[in-house]
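Peer 1: This is the structure, below, for whatever I ask next.
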Amino acid sequence: MTDQNDDYVYDEASGEWLPASEVASAKAKASEVRDASGNLLVDGDSVTLIKDLKVKGAGQTLKQGTVIKSIRLTENPEEIDCRHDAIKGLVLRTEFVRKR
């Protein structure tokens with residue numbers, strides 16, 4: 001029997017009322033950010049590029065093996081915000097990085 005004090009949330013995708021605890025755990029799982037190898041990324045991690053990347057607007061190429069320090073996660077789980085000495089406002093896709 002379920003506890004009568006549970007909060008329920010309407011899930012528009014499925015059209016069902018779900019316990020709030022299930023919805024919160026599903027959102028947490030969906031917001032996990034993983035690198036190309038499947039490692040979990042968090043704010044402040046260092047990553048290494050696994051491929052040469054041409055940077056649009058900068059006229060520069062970041063070489064494979066370049067280390068990017070102190071990444072920041074964005075709302076999109078497929079992108080990370082980072083800093084590089086020569087490029088300001090650099091956003092990389094997680095499919096091109098590996099956790100260091």
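Bear in mind that the values in this text are calculations on the coordinates, not laboratory data. Worth saying up front: this structure is predicted, and the values here are computed from it rather than measured. A quick note on method: Cβ atoms are made from the backbone with ideal geometry, for glycine too, and the neighbour counts reach across all protein chains shown.
Peer 1: Residue by residue through the range 62-74, which ³J(HN,Hα) values in whole Hz follow from phi under the Karplus form 6.51 cos²θ - 1.76 cosθ + 1.60 (θ = phi - 60°), with glycine and proline marked x?
Peer 2: 8, 7, 4, x, 5, 9, 10, 9, 6, 6, 10, 7, 10
Peer 1: Hey, another quick one. If you build a Gaussian network model of the chain, linking Cα atoms that sit under 10 Å apart, which residue out of 44, 57, 89 swings the most?
Peer 2: Of 44, 57, 89, the most mobile in the Gaussian network model is 57.
Peer 1: Could you give the nm distance between label points at residue 46 and residue 79, where each point is 7 Å from its Cα heading toward the beta carbon?
Peer 2: Those two pseudo-labels are separated by 2.6 nm.
Peer 1: Enumerate the amide H contacts of residue 41 below 5 Å, restricted to partners 5 or more residues apart or on another chain; note that Pro and chain-start residues carry no placed amide H.
Peer 2: The answer is 33, 34, 35.
Peer 1: Can you work out ³J(HN,Hα) from phi for every residue in the range 36-47, in order, using Karplus 6.51 cos²θ - 1.76 cosθ + 1.60 and θ = phi - 60°, giving whole Hz and x for Gly and Pro?
Peer 2: With coefficients 6.51, -1.76 and 1.60, one gets 5, 8, x, 6, 6, 9, 9, 4, x, 5, 9, 10 Hz.
Peer 1: Then there is this: Given a 10 angstrom Cα cut-off, can you work out which residue in 47, 23, 67 is the most mobile in a GNM of the chain?
Peer 2: 23
Peer 1: At most 11 other Cβ atoms within 10 Å plus a DSSP loop assignment makes a site exposed; report the longest stretch of the chain without any exposed GluC sites (Glu not before Pro).
Peer 2: Numbers: sites that count: 12, 32, 75, 78.
With GluC sites (Glu not before Pro) excluded where exposed in loops, the chain gives 33-74 as its longest stretch.
Peer 1: From the Cα gyration tensor of the range 33-99, with a ≥ b ≥ c the square roots of its eigenvalues, which class applies: rounded if a/c is under 1.5, or else prolate if a/b is larger than b/c, or else oblate?
Peer 2: Taking the square roots of the gyration eigenvalues as a ≥ b ≥ c, the range 33-99 is prolate.
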